[in-house]
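Visitor: One structure, pasted below without further comment.
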Amino acid sequence: MKVAVEGCCHGELDKIYETIAFLERKEGVKVDLLLCCGDFQAVRNEADMKCMAVPQKYRQMQTFYKYYSGEKAAPVLTIFVGGNHEASNHMQELPYGGWVAPNIYYLGYAGVVRYRGVRIGGLSGIFKSHDYRKGHFECPPYDQQTVRSAYHVRNIEVFKLKQIRQPMDIFLSHDWPRGIYHYGNKSQLLKRKSFLRQEVESNSLGSPAAAELLQHLQPAYWFSAHLHVKFAAYMQHQAQKDLLPKATKFLSLDKCLPHRDFLQIVDIEQDPSASDRLEYDPEWLSILKNTAGLVNTTARTWNMPENNGLFSRWDYSASESGLKEVQSDLGGDLRVPENFSATAPHYDPNNPQLQREPTYAVNPQTTELCACLGLTDPNACRTEGVGWEEEEQEDNLSTGSAEEPSEYPTDTSGLSSSVNPDEITIEEEWEEEDGEEAAIQSPPARLVLPSPSRTSSSDGLIENRPPFSLSASLPEPMGVSSSEEFTNEELARHEGAGLTDGIEGNSSPPSGESSAARPPKRISGENAATGQGMKKMKRRNQTIYTARGEEEGEEGDC
C-alpha cells in the first residue's frame, strides 16, 4: 500500500491533504494511509491554543478545527504521534489513543495499532531527563512549567513498549533516536544544520529512550521529524542468536512549508486478507492490561520494575492467556470503533471566543476502552484525587529523589550549547526570519517530483528478542560513511532503503498544474563517479530563504 509520511504538521492539514491529492493526480497513485510524526496541533478552539508551548504570535487556529467540527472530512486515514507543540489538554484526554476527528487517529502517549496487516507503533513527545521518571501529573490550566512538561516522554511509556516481543513494521516518534545520524550522510546533515555539530560529535543529539527502543523493537521503518530537515539512514542490527540480522530504514522529514521536504510516499507491503479498518493490536492491549497497576499521575519520580532483586515482578509482556483474554474482552472484534465524539466546542471564525479558558474533560473513548479492558483512566484518577494505584505499590515501584541521576548515564541534554527549542525562553521560541513567515502566507509553490521508487517491508522479521535492551546507545555504525560523502557503493545501499528518493512533496500544490513539476532534485553523492559536486541552485526568493532561515531560524519551533 502507499503510505504518505509527513514530518511536522503544525496544524497545516489543508495543505498536507492538498499536496497528497496533487501527487495522486500527478503520479497516478492512490495514497492509502498518512502518518504524521508530531507537532500535529489538534487545536479545536481558542482555549486549546493556550495549552500549546508557543509564543503568542504563533497561536494561530490553522485548519484542524474544520475536521473536528465536520466542516471537512479527512480524505485518507491519518495516524499521528504528539510532538512538543501540541494542544496538550486535547491530547491528555486520550492517553491510550483515539480519534481526534473522524478518520484522524492519535496513538496516545504510546501505542500500537494494525492497518491492513501492517503493525504501526509510536511514542509521543520529546525526551527530557528531568521529567522522564515522573508520572503524567499535568492538567489544565497549565503554568509555564507544566505546559512544557506535559509533552515530555515518561519512562512508563518506554517500559510498556519494551514489553513487545512480536515484530514491528513501522514506528513513529517526534525526536530522533540518539545516534541514528551515524548511519546516514552525517556530513551532509551538518552542512545543512551546522549548529548540531557539537551534539552530533558528542553523541548527545536525540533521545536515548528512543535509541533503546530502536534496539529492542528493530522495526522495518522508523519515521521522525522535530529537527526540520530531511535525513535518511540505514541501520543494520546485530544478529540475535541463530536468526538473520534485521535492518531499520530511518527517515526524518521537514515541516510543512514551501520548498521543504515535508512529505514522502513509501510502498509498504500489506496483507491482502487483512481488514481495511484500523484495528487494535492484541499484544499491545495485553501489555496495557498487565501494566494497569503502574499508572502514576503524580510528579513523584519512580523507576520501572527490572530484574535487579528489588522487584517481585519485572516482566509484563503478553502471554498466550493474556492474548486470549483481550480477544474475549473485545468480543473477537479487533476493529477500532469509530466512536469519535466532540468534548469541546469548535472554533467559529464568525464568533471568536478569545476569553475561552481550557477545561478538563474525560473523553468517552478513553472511558469506553478502560471499561472494556479494565484499564486505569489517568484523567479519572485526577478528577477523583487519586495519585496512583495502590496495588503492588510496595513490590513493584521503586521511587527515587529528583536528585538521583538519570537512568541514562550518557544523557547530556542539559549541557547542549546548540539551539534547543524546549530549553530556551518562551519569548525566544519559534523565532524565525520574517521572510519565512511571509513564505507561510505566500501562494503555494511548485512541487519537486523525483521518479518514484518502490520500497517494501518484506524483510525477514525477528520473531524472538530478549525481554530488555540494556544499552541506550546505538551499536557502532556498519557500512555507512558518516564523516565523508557516500561512496558509490554506500550510496547505492542507502538508496536501497527507499528513503532518499521516491514520490516526494515539499510544498502545497500549485494552482496551475501544467507548469507544476520541476526537474528531479539531485541527491547527495549523485556525481561521485565523475568527481563533480552537487550543482548549487539559486532560489528565486533568495532573500526569503536565507542561510540563517535554513539553519537557525526554524529551530525555535522544532
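The values are calculated or read from the model by the stated rules, or taken from the named source; none is laboratory data. On a predicted model such as this, the values are computed, not experimentally measured, just so you know. Positions of Cβ are generated from backbone atoms using ideal geometry, with glycine treated the same way; all protein chains shown enter the neighbour counts. Just so you know, the surface numbers come from the protein's heavy atoms only, side chains and all, with ligands and any DNA or RNA stripped out. Shrake-Rupley method; radii C 1.70, N 1.55, O 1.52, S 1.80 Å.
Visitor: For residues that are under 16 Å from Asp169 (Cα atoms) and in a loop (DSSP other than H, G, I, E, B), scanning just the range 239-255, find the one that is least open to solvent (accessible area, probe 1.4 Å).
Guide: In this case the residue turns out to be Lys246.
Visitor: Of all residues in the range 103-114, which are closer than 24 Å to Ile287 by Cβ and either part of a loop (DSSP other than H, G, I, E, B) or modelled with pLDDT under 95 (or both)?
Guide: Listed by number, the residues that qualify are Leu107, Gly108, Tyr109.
Visitor: Report, by residue number, each residue of the range 1-25 that is over 18 Å from Pro258 (Cα atoms) and either open to solvent by 10 Å² or more (accessible area, probe 1.4 Å) or part of a helix (DSSP H, G or I) (or both).
Guide: Scanning the range 1-25 gives Met1, Lys2, Glu24, Arg25.
Visitor: Mind listing whichever residues of the range 26-36 are open to solvent by 30 Å² or more (accessible area, probe 1.4 Å) and within 17 Å of Asn103 (Cβ to Cβ)?
Guide: Of everything in the range 26-36, those that are open to solvent by 30 Å² or more (accessible area, probe 1.4 Å) and within 17 Å of Asn103 (Cβ to Cβ) turn out to be Lys30, Asp32.
Visitor: Under 25 Å from the mean Cα position of the chain (by Cα) and over 24 Å from Ala220 (Cα atoms) - does that describe any residue in the range 266-289?
Guide: yes
Visitor: Go through the range 306-330 and give me each residue that's closer than 21 Å to Pro95 by Cα and either outside any loop (DSSP other than H, G, I, E, B) or not polar (S, T, N, Q) (or both).
Guide: Correct list: Tyr316, Ala318, Val326, Asp329, Leu330.
Visitor: Are any residues in the range 266-278 outside any loop (DSSP other than H, G, I, E, B) and surrounded by fewer than 21 Cβ atoms within 10 Å (Cβ to Cβ), and if so, which ones?
Guide: Listed by number, the list holds a single entry, Asp267.
Visitor: If you don't mind, another one. Can you pull out the residues in the range 126-179 that are touching a residue at least 24 places away in the same chain (Cβ under 8 Å), open to solvent by 10 Å² or more (accessible area, probe 1.4 Å) and among the hydroxyl-bearing types (Ser, Thr, Tyr)?
Guide: Ser129, Tyr142, Tyr151
Visitor: May I ask you to list the residues in the range 96-118 that are in contact with a helix residue (DSSP H, G or I) (Cβ under 9 Å, 6 or more places away or on another chain), open to solvent by less than 10 Å² (accessible area, probe 1.4 Å) and touching a residue at least 24 places away in the same chain (Cβ under 8 Å)?
Guide: Gly98, Val100, Ala101, Ile104, Tyr106, Ala110, Gly111, Val112, Val113
Every residue, every condition in (1) at pLDDT 95 or above; (2) of a type in the set (S, T, N, Q); (3) open to solvent by less than 20 Å² (accessible area, probe 1.4 Å), yes or no:
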position	(1), (2), (3)
Trp284	yes, no, yes
Ile287	yes, no, yes
Asn296	no, yes, yes
Trp302	no, no, yes
Leu323	yes, no, no
Asp333	yes, no, no
Glu338	yes, no, no
Arg356	no, no, no
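Visitor: What tally of residues in the range 193-207 results from selecting those that are crowded, with 17+ Cβ neighbours inside 10 Å and more than 23 Å from His237 (Cα to Cα)?
Guide: 3
Visitor: Contact list please: Cβ distance under 8 Å, first residue in the range 344-367 and free of Cβ contacts under 8 Å to residues at least 60 places away in the same chain and within 18 Å of Ile104 (Cβ to Cβ), second residue open to solvent by less than 60 Å² (accessible area, probe 1.4 Å) and β-branched (Val, Ile, Thr), pairs at least six apart or on different chains.
Guide: Filtered contacts from the range 344-367: Pro364/Thr343.
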